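A.B. asks: Right, I'll just put the structure down here and ask away after.
Laboratory data are not the source of any read-out in this text; all were calculated from the coordinates shown. These numbers were taken from a predicted model, which means no experiment stands behind them. Note that we place each Cβ from the backbone using ideal geometry, even for glycine, and neighbour counts take in every protein chain shown.
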Amino acid sequence: MTQLDQAAGALAVRVLVVEDDATEAETRVRDLRRQGYSARSVDTGAEALMAHQQSDLVLLDLDLPDIDGLEVCRQIREAGDKPIISVTARDTELDRILALQAGADDCVVTSCSPREMTARIRALLRRAYPRSDPARTIVLDPLRIDNRTREVRLRGEPVSLTAKEFELLHVLAASPESVLSRKELMARVWDTDWSDSSRTIDTHVSGLRAKLGSTWIITVRGVGYRIGHG
């Protein structure tokens, strides 16, 4: 994988969890899969050194039973530029420095919440696998969306949108044949999966319909939204 957009936000991103505590490993894998990642776990450094080639990101606990976690981190880093997040039970400056010096891109404590872990993974993936530049202009006559200038014109007349209204419209218009779920829209426009924030989508959809007309944003009941036509 060379582009994060190939992963469709998270669906194809393979995360390797390196953790010798079976319960903790199961919890992390379950949380990652709930967020749409493809996740598997190994419980030793030796297994990690064999398995990391088949992953896009490594979540590496530094307390391993066979090989020092820092050494595992160094060897994975020497093999390439794969994103690595180290996990340690000791939240000290020295532990963070050693992890970063060994090649980790980020360092978190074992007690890190699933929500924070997901946010850190996304931030790291954005840096490691930057999205290719989308088409500068999307034309769905009579609607034109210029991603470079962030200008929207309907039948030749400019339409004033807020930043998030523009992003929501652009995401939908960029996939004219697709129905995008609320969860995916929250992830791609607001960079969150929080279900209690999904009403935010309704507000912005209402704003777009008021400015463009009711036929441009179509509700697919029980699924999400898709772009319509004038």
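A.B. asks: For segment 49-191, what size does the Cα cloud have along each of its three principal axes, sorted from largest down, in whole Å?
C.D. replies: If we take the Cα atoms of segment 49-191, the spans are 66, 28, 25 Å.
A.B. asks: Counting only C-alpha contacts under 8 Å and six or more residues apart, can you give the relative contact order of the chain as a whole percent? List each step's numbers first, then the result.
C.D. replies: Values: 358 pairs, mean separation 31.1, N = 230.
Contact order relative to length: 14 percent.
A.B. asks: Quick query: amide H of D21 versus all other amide H atoms, modeled in the peptide plane; which residues come in under 5 Å with a sequence gap of 5 or more or a different chain?
C.D. replies: Here nothing satisfies the definition.
A.B. asks: Sticking with this one: Would you report the distance distribution of C-alpha pairs in segment 143-210 as whole percents per 10 angstrom bin, up to the bin with the largest distance?
C.D. replies: 19, 53, 25, 3
A.B. asks: Over segment 63-160, what relative contact order in percent results from Cα pairs under 8 Å that are six or more residues apart?
C.D. replies: Relative contact order here is 18 percent.
A.B. asks: Right, here's the next one. Find out how many positive minus negative residues lie around T44, taking Lys and Arg as positive, Asp and Glu as negative, among other residues whose Cβ is under 9 Å from that of T44.
C.D. replies: -4
A.B. asks: For segment 20-34 and segment 107-168, compute the distance between their C-alpha centroids and round to whole Å.
C.D. replies: 30
A.B. asks: Next question, about the same structure. Determine the calculated [θ] at 222 nm for the chain from helices alone, applying -39500 (n - 2.57) to every DSSP H run no shorter than 4 residues and normalising by the residue count; nearest 500 deg cm²/dmol.
C.D. replies: So the calculated ellipticity at 222 nm is -12000 deg cm²/dmol.
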